Amino acid sequence: MRNGVGKDSERFVNKAVMALDRGNWLLAVQFLKKVLTADPKHLPAYHELADIYLHLGHFDAAFEVVHRAVQAHPNDYHSSFVLANIFLVQNKPDQALGIYRRLEKEKNEDQEVTDLFFNMALAYHAKNQMAQALRYLRHAVEEDGSYAEAYELMGKILFERKDLPGAKASFEKIIQLEPSHLNAHHMLGIIYSKELKWDKAIQEWETVLALAPETDEALRELGWAFNMIGQEERAVDFLRKALEINPQNVQARIDLGAVFMGKMQFKEAIAEWEWVRQYDPSNKVIHKFLSQARLYEKKMMKQEKKEER
């Protein structure tokens, strides 16, 4: 390559970066395409152009650019890694893993592998191979003990596998790293509720609401928790707040109906469950709930008539 071409390539890449700094991604793309037309092996231009397309969500365009980069530079780790990541985003975990495994074998001591391990875990998770996903998540946190995303996915998998102690340890680790992590507090609340430790569950969901007061799922969970400890009025208050924020929160309506049933307020229960029935006509459970509520309502009405005689 002539020296002039190399210098021009660097100059236009720098212009592209400056255009990006000004928010003009279209001009940046034009500069980078000009570089690659004149200098098809200029790796920084491929990387910059792919980053722009990925940032814009143009994955097909990014794929084309990165694929060309890999063809021009088969041994470039970054290009291959980004190509695999695009496969993963496109829900093609097998193609992604084919590249990730090659990179794992080729890694050297200078290469950062934490993200590689985490993305391999994501790919195995997408394939529903949870043992392998957990294996690579553990590799990731061994490399970087502050990798909160790895602990979060680990906690999710362990929770789904009903390993509550393992899931709890993962979410507690996240909170050590990021005390304001909403999902970790929320999931700890769910784990405590499954352990029937309602006071601790309530404390976690109250923490979520202190950080994000409009979280309807935390309000819903709090409502049910207060119902479980016999504080029905507070339960109703929290469930209604959840529905004010998100009227489409079906589980909140189901829970509110259940609280009303426990309070012998059958008309209110029927109103909530009837909304759910209309929203989800194929929900067999709600049909059963409605039948029971109407039956109890009729029995109560008969009992009241007898007492009036």
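Side notes on the structure shown:
- Spherically averaged projected area of segment 35-126 from its Cα convex hull (nm²): 5.8 nm²
- In the full protein context, segment 211-270 carries 46 Å² of accessible surface per residue, based on a 1.4 Å probe and ignoring ligands, DNA and RNA.
- Cα-only Debye scattering, segment 1-80: base-10 log of I(q)/I(0) at q = 0.14, 0.19 Å⁻¹: -0.41, -0.76
- Loop-located GluC sites (Glu not before Pro) in segment 39-144 (DSSP state other than H, G, I, E, B) with a sparse environment of at most 11 neighbouring Cβ atoms within 10 Å: Glu109, Glu112.
- Each other residue within a Cβ distance under 13 Å of Met120 adds +1 if Lys or Arg and -1 if Asp or Glu, for a net charge of +3.
- Dipole magnitude for segment 1-133: about 380 debye, using +1 per Lys or Arg Cβ and -1 per Asp or Glu Cβ, origin at the Cα centre.
- Equivalent ellipsoid, the chain (semi-axes from 5 times Cα gyration tensor eigenvalues, Å): 55, 23, 18
- With helices as the sole contributors, the chain gives -26000 deg cm²/dmol at 222 nm; each DSSP H run of n ≥ 4 counts as -39500 (n - 2.57), and the sum is divided by every residue.
- Taking Cα centre as origin and charging only the Cβ of basic (Lys, Arg, +1) and acidic (Asp, Glu, -1) residues, the dipole magnitude of the chain rounds to 1180 debye.
- With the convex hull of the Cα atoms taken as the outline of segment 101-248, the averaged projected area works out to 10.0 nm².
- Sequence-distant residues sharing a close amide H with His42 (under 5 Å, placed H): none
- Apolar share of the accessible surface for segment 103-231: 47 percent from carbon plus sulfur atoms, 1.4 Å probe.
- Ligands, DNA and RNA excluded, the heavy atoms of Ser146 present near 70 Å² of accessible surface to a 1.4 Å solvent probe.
- Angle in degrees between helix 148-160 and the longest Cα principal axis of the chain, rounded to the nearest 10: 40 degrees
- Surrounding net charge for Glu272, when Lys and Arg each add one and Asp and Glu each subtract one, Cβ distance under 11 Å: +1
- Cα-derived Rg over Rh, computed across segment 228-309 with Rh taken as Kirkwood radius: 1.03
The values are calculated or read from the model by the stated rules, or taken from the named source; none is laboratory data. It should be emphasised that the depicted structure is a prediction, and the values quoted were computed from it without experimental measurement. We place every Cβ from the backbone using ideal geometry, glycine too, and count neighbours over all the protein chains shown. For the accessible areas, the whole protein counts, side chains as well, though only heavy atoms, and no ligand, DNA or RNA atoms are used. Shrake-Rupley method; radii C 1.70, N 1.55, O 1.52, S 1.80 Å.
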